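Have a look at the structure below before the remarks.
The values are calculated or read from the model by the stated rules, or taken from the named source; none is laboratory data. Keep in mind that what you see is a predicted model, and the values were worked out from it rather than measured. Backbone-built Cβ (ideal geometry, glycine too); neighbour counts: all protein chains shown. Accessible surface is based on the protein model in full, side chains and every heavy atom, while ligands, DNA and RNA are left aside. Shrake-Rupley method; radii C 1.70, N 1.55, O 1.52, S 1.80 Å.
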Amino acid sequence: MTPTISTDLCIIGAGSGGLSLAAGAVQMGAKVVLLEGHKMGGDCLNTGCVPSKSLIAAAKQAHVMSRGEPFGVRPVNPEIDFGAAKDHVAAVIAGIEPHDSVERFEGLGVRVITGYGRFVSPRDVEAGSHRIRARRFVIATGSSPLVPPIPGIDATPHLTNESVFDLRDRPEHLLVIGAGPIGLEMAQAHRRLGCQVTVLEGLVALGKDDPELAAIVVEQLRREGIAIHEGAQVAEAAGTEGDIRVTVADGTVHSGTHLLVAVGRKPNTDSLDLEKAGIRTDRGRIQVNASLRTSNRRVYAIGDVGGVYQFTHVAGYHASVVIRSILFGLPAKVSDHHVSWATFTDPELAHVGLDEAAARKRHGDSVEVVRFAYEDNDRARAERATLGMVKVIVHRGRPVGASIVGAQAGEQIQVWALAIANRLKMGAVAAMMSPYPTIGEINKRAAGQYFAPRLFENPWVKRVVRLVQRFG
Ligand code: NAD
């Protein structure tokens with residue numbers, strides 16, 4: 001064992017949360033030790049957001065080649081080199097890697113130790129031959145794919161988001177368990193890259209999103225030839241490489257060549273020895289208070305390991321909250337009124353704040369809902385991307401939630417993310433001048449929809465106008 005390292009801050013896990021925190025803290029003058037036992041960049045860079053969006057981009061290229069007809073461009077049946085698409089995925093990861101590398105972080109002044117950290121006392125962590133004593137610890141170990149105890153699953157070859165990007169040969173028929181974001185993003189990408197795809201969902205597809213908008217995504221995916229079965233709880237799995245069978249609760253058997261399990265994630269706490277530091281967990285998650293502090297006051301937890309919202313950008317937000325309390329001793333709490341996310345199917349599905357049901361539960365009948373359809377947007381017409389809508393939930397003149405399904409929904413939701421984070425009024429969005437013709441105009445027009453009845457159906461407005469015309 002080497003001499004104990006004393007530091008201000010020890011971060012366990014170099015995924016998106018841990019890296020944001022390390023970079024911020026060291027550049028603001030803290031002494032930082034960062035522990036990582038596997039790959040710098042964590043799930044997002046290596047097996048999550050980056051590879052999935054890269055594969056989706058490859059699939060989109062293939063898709064547009066076969067969809068030129070409405071534009072007067074003869075469609076072609078693209079020849080897909082599945083292995084080369086994976087090379088593209090690997091190249092995108094390699095391009096981003098230096099930003100998350102040990103070299104970059106050491107260059108910033110962070111002491112990076114390769115090894116899994118585990119608590120040996122309430123204020124000491126060991127990683128390999130190192131012992132670290134820190135004023136504050138932050139656990140940022142993320143989560144891993146959950147493989148549920150479905151009978152037969154352990155003996156049946158299956159993929160998760162950690163292994164699906166390693167496939168070099170195109171699966172003939174991909175069976176997907178779970179129609180959440182991972183299941184549906186991968187289903188569509190594989191379909192567009194030439195696979196037959198069957199999705200089995202125990203409840204409803206995209207169950208965490210507004211059902212009105214989620215239904216539009218599901219319908220489009222079905223039109224592309226993906227079989228999506230809802231209410232199909234998988235009860236058993238069996239088979240061998242290339243010959244997989246899954247049985248759902250009603251006894252129906254679905255066969256395929258490959259199986260992807262995408263039924264959620266579990267927090268990575270196994271190797272932390274949390275009990276030695278008096279850190280409590282709740283259903284596997286590290287229990288944190290609104291300041292992201294654990295039951296050990298020296299230790300915080302950020303990102304998936306303690307959070308309800310398992311997103312890279314939420315981990316980054318958590319990092320910005322704990323940095324305030326750790327570095328400056330300021331009271332800092334997380335707020336979830338402006339949490340946003342996007343699912344990168346085509347059409348995309350994006351959301352921020354409350355959905356309609358949650359808003360009605362919280363605010364009752366004073367909630368108003370405005371919608372604006374993509375088909376009423378001229379740019380969407382030019383692009384033949386008229387499938388979609390924006391839906392805004394308004395309470396007392398302020399947006400409290402918004403969802404968008406359609407082209408670039410993940411980009412277009414940003415206006416509402418800004419408005420909701422800063423508690424702006426609908427008037428702020430309506431006052432924005434959007435260049436014409438852009439898809440982004442849908443947001444200004446949705447805000448206009450909110451004011452339209454107030455202006456056009458209000459008899460007082462008409463009376464004032466008549467008076468001004470007569471006497472003004
Ligand atoms: P999820 O929890 O969002 O969806 C899993 C789905 O699997 C659920 O709908 C559930 O009903 C279903 N399911 C569970 N057991 C089943 C069974 N035995 N048979 C059939 N269906 C079953 O999980 P996910 O899609 O794996 O995503 C994991 C996390 O990662 C989520 O928090 C998600 O939001 C996040 N993520 C986000 C994005 C994005 O923002 N674009 C992309 C990928 C993942």
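Some observations on this one:
- Residues that are in a helix (DSSP H, G or I) and modelled with pLDDT of 95 or more do not occur anywhere in the stretch 30-38.
- Test: residue in the stretch 118-136 that is surrounded by 15 or more Cβ atoms within 10 Å (Cβ to Cβ), under 27 Å from the mean Cα position of the chain (by Cα) and at negative phi: no
- Taken together, the criteria exclude residue 294 from residues that are closer than 25 Å to residue 148 by Cβ and either polar (S, T, N, Q) or at pLDDT below 95 (or both).
- Of the residues making up the stretch 199-215, those that are crowded, with 19+ Cβ neighbours inside 10 Å and more than 8 Å from the ligand (Cβ to nearest atom) are 199, 209, 210, 213, 214.
- Against the criterion of being more than 28 Å from the chain's Cα centre (by Cα) and open to solvent by less than 60 Å² (accessible area, probe 1.4 Å), residue 461 qualifies.
- Meets criteria (away from the ligand (no atom under 16 Å from the Cβ), of a type in the set (Val, Ile, Thr) and either at pLDDT 95 or above or outside any helix (DSSP H, G or I) (or both)) for residue 132: yes
- Residue within the stretch 142-149 that is over 30 Å from the mean Cα position of the chain (by Cα) and open to solvent by 60 Å² or more (accessible area, probe 1.4 Å) present: no
- In the stretch 44-78, the residues that are away from the ligand (no atom under 16 Å from the Cβ), of a type in the set (S, T, N, Q) and not in a helix (DSSP H, G or I): 66, 77
- Residues within the stretch 186-202 that are part of a helix (DSSP H, G or I) and touching a strand residue (DSSP E or B) at 6+ places or on another chain (Cβ under 7 Å), tallied: 4
- Residue within the stretch 180-189 that is touching a residue at least 24 places away in the same chain (Cβ under 8 Å) and away from the ligand (no atom under 11 Å from the Cβ) present: yes
Residue-wise test of (1) over 29 Å from residue 385 (Cα atoms); (2) in contact with a Ser or Thr (Cβ under 6 Å, 6 or more places away or on another chain); (3) assigned to a helix (DSSP H, G or I); (4) open to solvent by less than 80 Å² (accessible area, probe 1.4 Å).
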| residue | (1), (2), (3), (4) |
| --- | --- |
| 419 | no, no, yes, yes |
| 427 | no, no, yes, yes |
| 434 | no, no, no, yes |
| 437 | no, no, no, yes |
| 444 | no, yes, yes, yes |
| 448 | no, no, yes, yes |
| 467 | yes, no, yes, no |
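- Scanning the stretch 214-235 for residues that are over 22 Å from residue 150 (Cβ atoms) and out of contact with any helix residue (DSSP H, G or I) (no Cβ under 9 Å at 6 or more places or on another chain) returns 214, 215, 216, 219, 222, 223.
- Scanning the stretch 297-348 for residues that are buried (at least 19 other Cβ atoms within 10 Å of the Cβ) and among the acidic types (Asp, Glu) turns up 304, 346, 348.
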